[in-house]
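Heads up: the structure comes next, in C-alpha cells.
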Amino acid sequence: MQVQYLLRWKKLHADLPVASESNTGIGKYYQSPESTCCSLYFSQKAHVEAINKLELRGPECLVSLECLLNIVRALGMGSCLSWDGSSAVSYTTAPSSPSSSSSLKRNNSRKIKRNSSLEIWLHRIPGRIFLNGSTDNASLFTRQGKKGINQDAMVFWENFGSMADTIFCGVFDGHGPCGHMVAKKVRDSLPLKLSAQWQLNNSSTNLMNHNSSSGVGSIKSEDSFLSVKEPRTFMDNKHNQNQTDFFITLKEAFLNAFKLMDKELKHNHYLDCFCSGTTAVTLVMQGRHLVIGNVGDSRAVLSTRDKDNSRIAVQLTVDQKPNLPKEAKRIRLCKGRVFALQNEPEVSRVWLPNSDSPGLAMARAFGDFCLKDFGLISVPEISYLHLTEKDEFIVLATDGVWDVLSNKQVVDIVASAPRSSAARILVESAVQAWRYKYPTSKVDDCAVVCLFLSSSSDSCSTSFFHIEDKPSMS
C-alpha cells in the first residue's frame, strides 16, 4: 500500500509547478496541488449496512435526527451517518468486468444522491448556520482568497444534540486538490459523529461510573484544563467532580468522533483524500462548560478581562506546526522528515522519507493519507475551560486571519464591531493586512466564527467603548 501511495504521489507530483513566495504566500503544500486534480478511485463493494437503505426525506426538525441516531446505535455501528458503509478496501481496486462497471456507476450515483440529500437535510435543521450570517450568539463570515476556490468552511449549531443550552461550532481549512470538498465533508459529518458518540457515552452507566472514579489523573498529556492568567480554582469538590465528569465524557466523544471521521475519509472512494485534507478547530459549550478539540493550525482565542478589568486575548489552542518538539519527534520516529526550505526558513514542513514531497505545513490533519504512515495524525488536542462572567467571546478562525493579525488585534476588532457584522469586519481587516504585509503574495481564504458568551444587552457598552483601539492596517 505504501508503494502504491508513493507511485500515486509521484505521478501527481510530476506535473505540479514549483511554488514560489510570489504566488502562494504560506501554502499548506510546498508543491501547489491546486493546479492538478487527483483522480478519483472507486471500488466495488457490497451495500449491506442498513444505514445505506435509509432514504433521507429532508426532516424539518431534530426529531428525525434523534430517530436516526437511535437506529444507528441499535445497529451497533458506533458512528452516525457514515454513508459509505464501507470496509477497508484498496484505493486502486477496479471493476473486473463491464457489468460490474455499470453496477459501480449505479452505486456511486446512489451515493451522490444520498450525500446531496444529507446536505439538504442538514441545511434545514433549525439553529444550524454554515453560511455568512449571524444570530444573537454568533457571527459567521468566510471569504475566498486569491488562490482559487474557497477551501474554508464553518458551522455554528445551537441546541446541539437536542440540548437547549448546548452549542457546537467549528472552522475547517481545506488544502490540496479536493480540500474544499474535504472541509465541507468534515463540517457536515463530524458534528453528527460527535453528537452520536456523546450520547452513547452518556447512556452507558458503566462508562460513567468508570469515568467518575478515574478522576483528573486519567487525563492524558494531550488534554488540559485551561487557565486564564490567574488560575481558576474550583468552588468545591462537587463542582470539581462535575467538571471532571463532563470533560472526560466529552473528551472520549471527541477522540472517537475524530477517529471515525478520518476513517470515513480514508474509505471514501468518491472523494480522494490521498493528498487533500483539512484542519478542524471545534468546540462544544454547555452552560459554563467549554471543551475544545483541535487538529491542525486553525485557532481559537478567548476575549476576557483581567483583574484590572482590561481586555486581554487568551489563545485556547496550539497551532500544530511540524517544528513543535513533540510533533517533530513523532514524525521522525515514523520515518517522516521535517525541515524548512531555504527560501522560506520560517515554515517547517512534513516530507516523505525518500521524496521531497508533499511538504505539508502542519503536523495534524484530517485526510492527507500520503503522510499518515509517516507521522501525520488526526488525533485532536482536547482542552477544558470553565467560563466565568469575565469571559466575553471566543473567535475561531483559519490561518488566513492569524497569519496577519495578532490575537490582541483580533479581539479588539471584534469587540469594537457590531455583533451582527463582527466576523465580516474581522475578515475584511485580515484582507487589508494581507495586502500590506504580503503585497506580492496571494491573499489566503479566511473563515471566522465569533461566539458571544453574554447577552447582547450586556455587551452594548463595551462594543463601542473600544472603537478607537481598533488596530490600523497601515
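Any read-out appearing in this document is the output of simple, stated calculations on the displayed coordinates, not a laboratory observation. As the structure is a computational prediction, the values presented were derived from the model and not from experiment. In this analysis, Cβ positions are derived from the backbone assuming ideal geometry, glycine residues included, and neighbour counts consider all displayed protein chains.
Among 327, 346, which is the only one that is assigned to a helix (DSSP H, G or I) and acidic (Asp, Glu)?
327
If a residue must be over 28 Å from residue 365 (Cβ atoms), touching a helix residue (DSSP H, G or I) at 6+ places or on another chain (Cβ under 9 Å) and assigned to a helix (DSSP H, G or I), how many such residues does region 396-421 contain? Lay out the reasoning, then the answer.
From region 396-421, those over 28 Å from residue 365 (Cβ atoms) are 412, 415-421; that's our starting set.
From what is left, the residues that are touching a helix residue (DSSP H, G or I) at 6+ places or on another chain (Cβ under 9 Å) are 412, 415-419.
If we keep only those that are assigned to a helix (DSSP H, G or I) as well, we get 412, 415-416, 419.
Residues flagged as over 28 Å from residue 365 (Cβ atoms), touching a helix residue (DSSP H, G or I) at 6+ places or on another chain (Cβ under 9 Å) and assigned to a helix (DSSP H, G or I) within region 396-421 amount to 4.
Quick grid of which residues meet (1) touching a residue at least 12 places away in the same chain (Cβ under 8 Å); (2) under 29 Å from residue 200 (Cβ atoms); (3) out of contact with any Gly (no Cβ under 8 Å at 6 or more places or on another chain):
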{"residue": "270", "(1), (2), (3)": "yes, yes, yes"}
{"residue": "276", "(1), (2), (3)": "yes, no, no"}
{"residue": "279", "(1), (2), (3)": "yes, yes, no"}
{"residue": "282", "(1), (2), (3)": "yes, yes, no"}
{"residue": "288", "(1), (2), (3)": "yes, yes, yes"}
{"residue": "299", "(1), (2), (3)": "yes, no, yes"}
{"residue": "315", "(1), (2), (3)": "yes, no, yes"}
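When only residues in region 132-173 that are among the aliphatic types (A, V, I, L, M) and more than 21 Å from residue 392 (Cβ to Cβ) count, which is surrounded by the most Cβ atoms within 10 Å (Cβ to Cβ)?
From region 132-173, those among the aliphatic types (A, V, I, L, M) are 138, 140, 149, 153-155, 163-164, 167, 171; that's our starting set.
Remaining after also requiring more than 21 Å from residue 392 (Cβ to Cβ): 149, 153, 155, 163-164.
Working: 149: 12, 153: 27, 155: 24, 163: 15, 164: 9.
Looking at the filtered set, the residue picked out is 153.
Identify all residues within region 364-400 that are farther than 28 Å from residue 414 by Cβ and either over 13 Å from the mean Cα position of the chain (by Cα) or free of Cβ contacts under 8 Å to residues at least 40 places away in the same chain (or both); write none if there are none. Even if it seems obvious, please write down each step before you answer.
Of region 364-400, the ones farther than 28 Å from residue 414 by Cβ are 367-379.
Residues satisfying the conditions are 368, 369, 370, 371, 372, 373, 374, 375, 376, 377.
Only one of (1) out of contact with any helix residue (DSSP H, G or I) (no Cβ under 8 Å at 6 or more places or on another chain); (2) farther than 17 Å from residue 375 by Cβ; (3) buried (at least 19 other Cβ atoms within 10 Å of the Cβ); (4) of a type in the set (A, V, I, L, M, F, W, C) is not met by residue 328, so which one is it?
Condition (2) is where residue 328 drops out.
So in region 307-317, with the set limited to residues that are surrounded by fewer than 16 Cβ atoms within 10 Å (Cβ to Cβ) and either in contact with a strand residue (DSSP E or B) (Cβ under 9 Å, 6 or more places away or on another chain) or of a type in the set (S, T, N, Q) (or both), which one is nearest to residue 29 (Cα to Cα)?
Here is the first cut: in region 307-317, the residues surrounded by fewer than 16 Cβ atoms within 10 Å (Cβ to Cβ) are 307-310, 315.
Next, from what is left, pick out any that are either in contact with a strand residue (DSSP E or B) (Cβ under 9 Å, 6 or more places away or on another chain) or of a type in the set (S, T, N, Q) (or both): 309-310, 315.
Values: 309: 42, 310: 40, 315: 25 Å.
Once the filter is applied, the top-ranked residue is 315.
Can you work out which of the residues in region 376-390 that are assigned to a loop (DSSP other than H, G, I, E, B) and touching a Phe, Trp or Tyr at 6+ places or on another chain (Cβ under 8 Å) is surrounded by the most Cβ atoms within 10 Å (Cβ to Cβ)? First the steps, then the outcome.
Filtering region 376-390 down to residues assigned to a loop (DSSP other than H, G, I, E, B) leaves 376, 378-380, 387-390.
Now restrict to residues that are touching a Phe, Trp or Tyr at 6+ places or on another chain (Cβ under 8 Å): 378-380.
Values: 378: 23, 379: 15, 380: 26.
This residue is 380.
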